[in-house]
Structures are given as C-alpha cells and as structure tokens.
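Some notes on the structure that comes next.
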Amino acid sequence: MTTAGIDAVEIRTGNLKLDLAETFAPVKDEDPAKYTKGLGLHASSFPDAYEDIVTMGANAAKRLMDRKGLTPEDIGRIDVATESAFDHSKPVSTYIAGCLEDVFEDDFHHANKGERKFACLAGTQAIDDAVNWVTSGKNRGRAALVIATDTALYERGDSGEATQGAGAVAMLIDEDPDLTVVEPLQGFGSADETDFLKPNQQFPSVDGKRSMQVYLARMREALRDLEEQRDLHPDDFAVVPFHIPFPGMVRKGAALGYRHISRGTDVEDALAEEIGPQPRPDDFEDDEAFRDALSEYTDDLTETDRYQEWYDLTVEPTLGISRYVGNWYTGSVHLARAAALRDARENGRDLDEQQMLVCSYGSGAQAEVHIETVQPGWEEEIAQLNVEEQLRERYDLSFTEYEQIHDVHNYDESTDIDAFTTPEEEFVFDGWGRMGERKYTYVE
Ligand code: CAA
C-alpha cells in the first residue's frame, strides 16, 4: 500500500512580537510569572498592518515550494485550515493560490482547493484528507499543500488575550514523505460543546475554564477510541505533540495522557511502589470521591522522576516555539511537531523510524489522536527551517503599539497606521478590490 505523510514543513510567524512578561504583565498589574510559568508563554506573535492569514500562508507556501524546487504543476490540491477566515464563500486557498500565481510561471487551475473548519483541529483534518487523497491514487502523482493559518486574536480584556498569536504552517503531503508517515490508526473524541465559538463574529466567545475541561474530556475519549484498536504504552512514543493553546494546557493534557496509557501496564506497577495504584471507579462510593482520588493521584504522578523524565524527553521539546509565539490555532499542533524535531536534531537525538502520538484538538469540540512514524529524511528537512531568524527579527511592540495593531486588525475599527516593519521579499495586503475582496502584492 502507498504510504503518505508530511514531506516538508515551513513556518511563518507574524512580523511583530508582544513580550508578555516585560510589556503585557506590568500594564495588567500581574506577576510576570503568571505568563512565563503559569501559562508557559513568553511572547505572542502579531501580524503587522500589511499581514494577514493570506500573506502568512502564502509566504510559508512560497518558501516551501522554492526550496523543494516545486512548480504549481507539482501541486494537485491546496487546503487551508483556519478559524480566522474573512469570507463566508470564497476560500482562503483561492487567495493564497492567487498570490503564488503572481510569482510562479504556471497556474493552479488544475488544483482542487478548499477550506477546512473545525476550530484548531482543522489543520490535522486537512492532513487526513490530503493523505487519503494521495493514498487513493486520485493525486495522479501530485502532492497536496496543507496550510494552517490564523490570527488568534481575542477581544481586548478577554482572559484569552494573553494567549494570542499569529502565524502559518505550510505542509507538503506526498507519497514516501521525508518527515513523517501518517499511519492509518486514529482515535476520536467528539461532542457538541459551546466552550469557544465565533457565531458570525471576529473575536471568540470563550468560557476559558470550561474550555480546558472540554479539551481534557475529549482527549480522554480519543485515547480510549485509539486503545480499542491497539494497546498503548508510554514507551511506544518518542515524541507526543499536543495542540498548544498555551503550554500550561499541555502540562495538564500530558499528565492525563500518561496516566491513561500507563494504566494496567508495568509502568503503573512500578509507580505503585511510590504513589500507589491508580484509583478505579469501583473502589469508591460515588463519582466525586473517585474524581478527587484521581486528581490527587495525577498530582503525585507528575512529581515522580519517571514521569518527569518522560515529560522532559517527549513533551517539553514540543513547546519550544509556541512559548515565543502564542496560540496559532490550526497551526499549533504542527508547530509542536516541528519544534520537537528541531530540538531532537539540535541535541543529536536519533528519531529514525520512531513513533509520535499526535494529539490534536478543536473547540466545539473534537480531539483526534493519531500515530506518525518519523522518516530517515527528517533531519535534513527540519534543518531547512529559518524560524529562529524570523523570531529574532520580529519588531518588539510597546503596549501602546500593541493597542494600535490590535485595532488595525479589528474589523469594527478603522485604524490606519504606518507599518512597524518594512516588508521584504514577501506577500503583503494591498487594499480592497471593487467587490470587497482583499488584494495582495509581492514586494521584492
Ligand atoms: N506564578 C506561577 N503561576 C501562576 C501565577 C504566578 N504568579 N499566577 C497564576 N499562575 C498560574 C495559575 O495557577 C494557572 O495555572 P493552573 O491552571 O495550573 O492552576 C495559570 O497560571 C493561569 O492562571 P489563571 O487560571 O488565573 O489564568 P486566567 O484565568 O487569566 O486565564 C485561561 C487562563 C482561562 C486559560 C485563559 O488564558 C483563556 O481563556 N484562554 C483562552 C481559552 C483557551 O486557551 N482554552 C484552552 C482549551 S481550548 C483550546 O485548546 C482551543 C483553543 O486553542 C482556544
């Protein structure tokens, strides 16, 4: 059977940065440690006045195509995953294809384009679709471009304001991929939830605390669904990337995941000497007592050396980019994968043929866990990323400048300011056309 997966990846951050400890916390009169330690975030990325989901997506896709030596003829499908779309009809993928056609000789008229929506999960769903398309043979030898792009902005003063971010991750999905093979095994946890939504509005309505519970509940269901297909053991996976709304959420998700997949294994037995066996519902009179015991066990678990070693090796490296850019919604779990591979390369860790358990989540709500196998070409491919350089070159906003740029991107405001940075060799937003469409140009 044909194997398919992620052949290449590119990351494009917004060109601006808000330092949470230095700039945001003092104005909010909060302890900087709430952001750096509690949420686990140091900075957020923001789009400059000339950037949006199209420019960031197109810039990521162009760099990917340039360095892989691809032309539009090589691409048969372009899917964009976003929860920041500005058009209810015309998909963002058409805007991005239009941008790319301005700089490549051929066009994408032959390519099937679409837009995927399920909150932050949509990027993973678009990969699923593309992998199925490739393995079915409908691709006729062509590859798919999956682009996860978002400006994750919250209303000013919302509790989510500290977790904002903006950026795009472009991925090439192809046969015999260099980075990871996406295995057919996947588990789902899905329920009609109203934890985070945008009913015809730009900024989300969020029940922050509840959204965290829903994240964990759906993740648990997805793990159960996967377990019905194969046994899971913590040592099976070299890397476990999660959706990262903020790193503190992943700390909670990882503890739940580890507890869940170590239940009934030699790991639970070994830990029992230190912290006792895992609580089982039948041992308790009511659900509340069971939940309290489970929560206490989880706290004890995260203090053990065994858990901490596992976390430091398989989860902590996935957070290395997100801590400096915030939430990229659809792109976040894909940033996590890239961050872990980048860290492994820098630390000489051999990941050839090792497995990843990729844990994606979208509010509304659905979790998907699936398995990927790292391919021998991963190191060479991941070495091509220039994300450090991009992060270093971001313009560092003052709080007043942050307020201005938030207004620039707020549909209800008509703020016009000079950009903070000067675009160079990139696509930029260039005003509106006669039917209200957004227009773009490439700046040399
Ligand atoms: N030093 C160290 N830690 C500190 C601290 C300090 N001085 N002050 C606070 N903290 C800790 C808190 O204890 C807390 O950690 P725990 O949860 O482990 O106890 C953490 O910092 C955050 O503090 P608060 O809970 O007080 O923060 P908050 O109430 O202001 O906001 C939030 C937290 C509700 C998650 C908010 O950021 C939010 O609404 N975010 C948007 C929604 C979101 O991201 N939900 C996540 C799941 S939904 C999802 O995944 C989809 C998506 O992408 C949006």
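The values are calculated or read from the model by the stated rules, or taken from the named source; none is laboratory data. No experiment lies behind these values; they were computed from the predicted model shown. Here the Cβ positions follow ideal geometry from the backbone for every residue, glycine too, while neighbour counts run over all protein chains shown. Only protein heavy atoms, including side chains, enter the accessible area calculation; ligands, DNA and RNA are left aside. Shrake-Rupley method; radii C 1.70, N 1.55, O 1.52, S 1.80 Å.
Using a cutoff of 8 angstrom between alpha carbon atoms and counting only pairs six or more residues apart, the relative contact order for the range 6-141 works out to 21 percent. Multiplying the residue separation of residue 274 and residue 67 by 0.36 nm and subtracting their alpha-carbon distance yields 69.4 nm.
Put simply, the amide H of residue 78, placed in the peptide plane, has neighbours under 5 Å in 112, 113, 114, 145, leaving out anything fewer than 5 places away on its chain. Each Lys and Arg Cβ is given +1 and each Asp and Glu Cβ -1; about its Cα centre, the range 80-154 then shows a dipole of about 340 debye. Determine the sum of side-chain charges near residue 190: Lys and Arg each +1, Asp and Glu each -1, restricted to other residues whose C-beta is under 11 angstrom from that of residue 190. Around residue 190, the surrounding residues sum to -4. A simple rule links phi to the HN-Hα coupling: the Karplus curve 6.51 cos²θ - 1.76 cosθ + 1.60 with θ = phi - 60°, which for the range 245-255 gives x, 6, x, x, 5, 5, 4, 6, x, 5, 5 Hz, with x for Gly and Pro.
Compared with the rule-of-thumb size 2.2 N^0.38 Å for a compact globular protein, the range 1-144 has a Cα radius of gyration ratio of 1.26.
Nearest 10 degrees is fine. How inclined is helix 305-314 to the longest principal axis of the chain, computing both from alpha carbons? Taking Cα atoms only, the helix is inclined about 20 degrees. Simple spin-label estimate for residue 303 and residue 389 gives 4.7 nm between the two label positions (7 Å along the Cα-to-Cβ direction from each Cα).
Here the Gaussian network model covers the chain, with springs between Cα atoms less than 10 Å apart; of 208, 433, 98, 433 fluctuates the most. By accessible area, using a 1.4 Å probe on protein heavy atoms only, the chain has 41% of its surface on carbon and sulfur.
In a DSSP loop and with at most 10 other Cβ atoms within 10 Å, the trypsin sites (Lys or Arg not before Pro) in the range 64-165 are 140. Of the residues 336, 289, 272, the one that moves most in a GNM of the chain with alpha-carbon contacts below 10 Å is 289. Can you compute 3J(HN,Hα) from phi for each residue in the range 134-149, using the Karplus curve 6.51 cos²θ - 1.76 cosθ + 1.60 with θ = phi - 60°, rounded to whole Hz and x for Gly and Pro? Taking θ as phi minus 60°, the curve returns 5, 6, 6, x, 5, 6, 6, x, 8, 9, 10, 9, 10, 10, 9, 9 Hz for the range 134-149. Angle of helix 92-103 to the longest C-alpha principal axis of the chain, folded into 0 to 90 degrees and rounded to 10: 50°.
What's the ranking of 240-246, 13-19, 262-268, 405-411 by average number of surrounding C-beta atoms within 10 Å, highest first? Numbers along the way, then the final one.
Details: 240-246: 28.4, 13-19: 25.0, 262-268: 15.7, 405-411: 17.3.
Listed from highest to lowest mean packing, they are 240-246, 13-19, 405-411, 262-268.
Summing Cβ point charges (Lys, Arg +1; Asp, Glu -1) relative to the Cα centre of the chain gives a dipole of roughly 960 debye.
Between residue 236 and residue 1, the contour length at 0.36 nm per residue exceeds the Cα-Cα span by 82.3 nm.
Hey, if you put +1 on the Cβ of every Lys and Arg and -1 on every Asp and Glu Cβ in the range 306-444, which of 410, 441, 370 ends up farthest toward the positive end of that dipole? Of 410, 441, 370, it is 370. Between 157, 57, 257, which gets the highest mean-square fluctuation from a Gaussian network model of the chain, Cα cutoff 10 Å? Looking only at 157, 57, 257, the biggest GNM fluctuation is shown by 157. Note on residue 117: lysines with a C-alpha under 29 Å away, same-chain residues under 8 apart excluded, are 17, 62, 68, 90, 138, 198, 209, 252, 439. Accessible surface calculations at 1.4 Å, restricted to protein heavy atoms, place the chain at 42 Å² per residue. Taken along the Cα-to-beta-carbon direction at a fixed 7 Å, the label points for residue 158 and residue 138 span 3.4 nm.
Restricting attention to the range 339-444, which trypsin sites (Lys or Arg not before Pro) occupy a DSSP loop and are surrounded by at most 16 other Cβ atoms within 10 Å? Hits after loop and neighbour filter: 349, 434.
Beyond 40 Å, what share of the Cα-Cα pairs of the range 4-443 is found? Please give it as a whole percent. All intermediate terms of the calculation are to be shown ahead of the outcome.
Values: 15256 of 96580 pairs.
In whole percent, the long-distance tail amounts to 16.
Along the axis of the charge dipole computed for the range 183-313 (Cβ charges of +1 for Lys and Arg, -1 for Asp and Glu, origin at the Cα centre), the listed residues 289, 217, 244 are led at the positive end by 244.
Where does the chain land at 222 nm, in deg cm²/dmol rounded to the nearest 500, when only DSSP H runs of n ≥ 4 count, each adding -39500 (n - 2.57), divided by all residues?
Numbers: 13 runs with 156 residues, N = 444.
About -11000 deg cm²/dmol.
Suppose the chain between residue 380 and residue 286 were pulled fully straight at 0.36 nm per residue; how much longer would it get relative to their current alpha carbon spacing? Let's see the in-between values first.
Numbers: separation 94, 0.36 × 94 = 33.84 nm, distance 5.40 nm.
Result: 28.4 nm gained on full extension.
The calculated FRET efficiency for residue 28 paired with residue 103, based on their beta-carbon distance and R0 = 41 Å, is about 0.45.
How far, in degrees from 0 to 90, does helix 53-68 lean away from the longest principal axis of the Cα atoms of the chain, to the nearest 10? On a 0 to 90 degree scale, this one is about 90.
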